[in-house]
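Data first, discussion second: the structure below is written as structure tokens.
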Amino acid sequence: MSGWVRKRFWKEAAIGPVEGGYAVTLDGRSLKTPAKAALVVPTQALAEMIAAEWQAQAEVIDPNTMPATRAANAAIDKVRGQKAEVTEIVTAYGDSDLVCYRAAGPEPLVALEDAAWDPLIDWAGHRYGLRPVLRTGVMHAPQPAALLASLHTDVERLDAFELTAFHDLVSMSGSLIIALALVDGFAAPEAMWDASRVDEEWQISQWGSDEEAEALAAVRRKTFLDAARFYAALQPGRIIPALAG
């Protein structure tokens, strides 16, 4: 038996202001989330992004081509009611952050990590007044409690929509510092993704690529960049380094 598919039933996706933000409509009917809540987003830019996803659908709807819609649904149906829990999950990365754990060798890898990650450590030290402590190897050693508290405070300030995107930035990169630096405007999202991949790309340069690993990395990269676009659409008037394409 073939699986059930949802077919396109509308001619025009549009947006309009409503109480609390902007709604997306299909032939005048407002979208709802899977949990049947009104799909109302905070900014016009995000509403336009979601409407464009719906307008681009062919005869059969493909949710995989609608990352902004999926993220907005998650923000409303899940993250909004579990904001404290998601904040804790995200900030836990700060105590074992990718950019704080350095290889002991070989020297070319050490140099690559230093070039990619030392500027991020410098940024964190300047922003929080306390430089993250670097470790060699993979054995866990805790970061200073005052630094972790400051990182937590920054994440706690995010609203449900921002936190939804931020969760993907952290989980895909493996680094709270990379995600915080990105939303602070430190560098373009592609460059931040590349910074998160230093160790993996080194291994590929030494031992060659693996088809399955490459496919997974491509999915993770797309998720990271989609999250960056979603977050940027929530920041009207703010200059954030643009994505290429």
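The values are calculated or read from the model by the stated rules, or taken from the named source; none is laboratory data. Owing to the predicted nature of the structure, the values given are computational and were not obtained by experimental measurement. Quick reminder, even Gly has a Cβ in these numbers, built from the backbone with ideal geometry, and neighbours come from all protein chains shown.
Values for this structure:
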quantity: Given (1) under 20 Å from residue 90 (Cβ atoms); (2) in a helix (DSSP H, G or I); (3) under 19 Å from the mean Cα position of the chain (by Cα), number of the condition residue 150 does not satisfy; calculated: (3)
quantity: Residue 113 being surrounded by 13 or more Cβ atoms within 10 Å (Cβ to Cβ) and in contact with a strand residue (DSSP E or B) (Cβ under 9 Å, 6 or more places away or on another chain); calculated: yes
quantity: Unique residue being touching a Lys or Arg at 6+ places or on another chain (Cβ under 9 Å) and either charged (D, E, K, R) or outside any helix (DSSP H, G or I) (or both) when the list is 35, 23; calculated: 35
quantity: Qualifying residue in segment 40-47 (condition: in a loop (DSSP other than H, G, I, E, B), surrounded by 12 or more Cβ atoms within 10 Å (Cβ to Cβ) and among the polar types (S, T, N, Q)); calculated: yes
quantity: First in segment 185-207 and assigned by TED's automatic domain parsing to the domain that holds residue 115, second anywhere and modelled with pLDDT of 95 or more and charged (D, E, K, R), Cβ under 7 Å, 6 or more apart; calculated: 193/221; 198/113
quantity: Residue check, residue 180 closer than 20 Å to residue 227 by Cα and touching a residue at least 60 places away in the same chain (Cβ under 8 Å); calculated: no
quantity: Filtered residue count, segment 120-153, keeping only those that are touching a residue at least 24 places away in the same chain (Cβ under 8 Å), surrounded by 14 or more Cβ atoms within 10 Å (Cβ to Cβ) and either among the aliphatic types (A, V, I, L, M) or within 24 Å of residue 197 (Cβ to Cβ) (or both); calculated: 12
quantity: Verdict on residue 173 being in contact with a Leu (Cβ under 9 Å, 6 or more places away or on another chain) and hydroxyl-bearing (Ser, Thr, Tyr); calculated: yes
quantity: Filtered residues of segment 101-126 (kept if of a type outside the set (Ser, Thr, Tyr) and outside any helix (DSSP H, G or I)); calculated: 102, 103, 104, 105, 106
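Residue by residue, here is whether (1) modelled with pLDDT under 95; (2) assigned by TED's automatic domain parsing to the domain that holds residue 223; (3) out of contact with any Cys (no Cβ under 8 Å at 6 or more places or on another chain) holds:
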| residue | (1), (2), (3) |
| --- | --- |
| 63 | yes, no, yes |
| 68 | no, no, yes |
| 72 | no, no, yes |
| 89 | no, yes, yes |
| 93 | no, yes, yes |
| 98 | no, yes, yes |
| 101 | no, yes, yes |
| 109 | no, yes, yes |
| 118 | no, yes, yes |
